[in-house]
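Remarks on the structure that follows.
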Amino acid sequence: MLTGVGVGPGEADLLTLRAVRVLTDADLVVVPVMDRTAADAEAPRGRAEETVRAHVPADRLRRLPFALDDRGGVTARREAAWDAAAAAVVAAFDDGARAIAFATIGDPNVYSTFGYLAQSVRALRPAVEVRTVPGITAMQELAARSGVPLCEGREPLTLLPATAGTALVDDALAGPGTVVVYKGWRRHAELVDALRRHGRLPDAVLGRGLGLPDERIGPVDRADDDLPYLSTLLVPARRDRRGGKL
């Protein structure tokens, strides 16, 4: 069995009880790392690995390199990483592992590398059973930390990555509901302009480094030019009175 385990935004105490159980029961826990730094023993741990180490001993952890910084779509580098990671997982099964867990930040079914790994493993070993354990997402953590409800009553909730382009963000901001944008680092100035065009800048909340020592949560400022890749923008629906969307 291969299980994708969501370990939340980065804080060890935000794992669910089921996630901890699956991780501690697994014969092997694999975590994604950047392929460009995988061979560097001095490279900092990834967020998933750092989170999992609070629950799993180091001798049951293994890093799997992925082209996490590749923005070119389905490139040869990215496909090679998927294939190599799947081959490593299959080799671990062939060596006797019965249960392997893949730890991913957030949720394994929300913009996660796990889906590509699972497809690749199934192609090599169709008999492998694939499951997932849901995790707390960055938008949930940001909503909790900022005190801003994600959605009320009949409000829709739209989640999208800034990497999909600002046209989709514009369409969502023109609607009546809450909008959450992931991965806005390089498009931050464009996102601020879009918020201003739609009159939604004053209510927006930006979270960067959630769960990390340098975490920052607060209003959106165009001068935020040092955002990490994993930044989260929360734009609440317009609300003028209690229960107004019921």
Open item on the list: open to solvent by less than 10 Å² (accessible area, probe 1.4 Å), assigned to a loop (DSSP other than H, G, I, E, B) and without any contact (Cβ under 8 Å) to a residue 60 or more places away in the chain: is that true of Gly184 in this structure?
Closed with: yes
TODO: Looking for whichever is free of Cβ contacts under 8 Å to residues at least 24 places away in the same chain and of a type outside the set (Asp, Glu) here; the options are Gly177, Gly135, Gly147, Gly153. Which one fits?
DONE: Gly147
Open item on the list: Only one of Ala204, Ala162, Ala174, Ala189 is open to solvent by 10 Å² or more (accessible area, probe 1.4 Å) and within 23 Å of the chain's Cα centre (by Cα). Can you tell me which?
Closed with: Ala189
- [ ] List every residue pair whose Cβ atoms lie under 7 Å apart, where the two residues are 6 or more positions apart in sequence or sit on different chains, the first residue falls within the stretch 84-97 and is open to solvent by 50 Å² or more (accessible area, probe 1.4 Å), and the second residue, located anywhere, is among the polar types (S, T, N, Q).
- [x] none
Task: Number of the exception - Arg145 against (1) outside any helix (DSSP H, G or I); (2) open to solvent by 10 Å² or more (accessible area, probe 1.4 Å) - done: (1)
- [ ] Residue by residue through the stretch 35-60, note down the ones that are in contact with a Leu (Cβ under 8 Å, 6 or more places away or on another chain) and either open to solvent by 60 Å² or more (accessible area, probe 1.4 Å) or at pLDDT 90 or above (or both).
- [x] Glu49, Thr51, Val52, Arg53, His55, Val56, Arg60
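The values are calculated or read from the model by the stated rules, or taken from the named source; none is laboratory data. Remember, predicted model here, so these are calculated numbers, not experimental data. Cβ coordinates were reconstructed from backbone atoms using ideal geometry, including for glycine residues, and neighbour counts include every protein chain displayed. Keep in mind that these areas ignore ligands, DNA and RNA; they rest on the heavy atoms of the full protein, side chains included. Shrake-Rupley method; radii C 1.70, N 1.55, O 1.52, S 1.80 Å.
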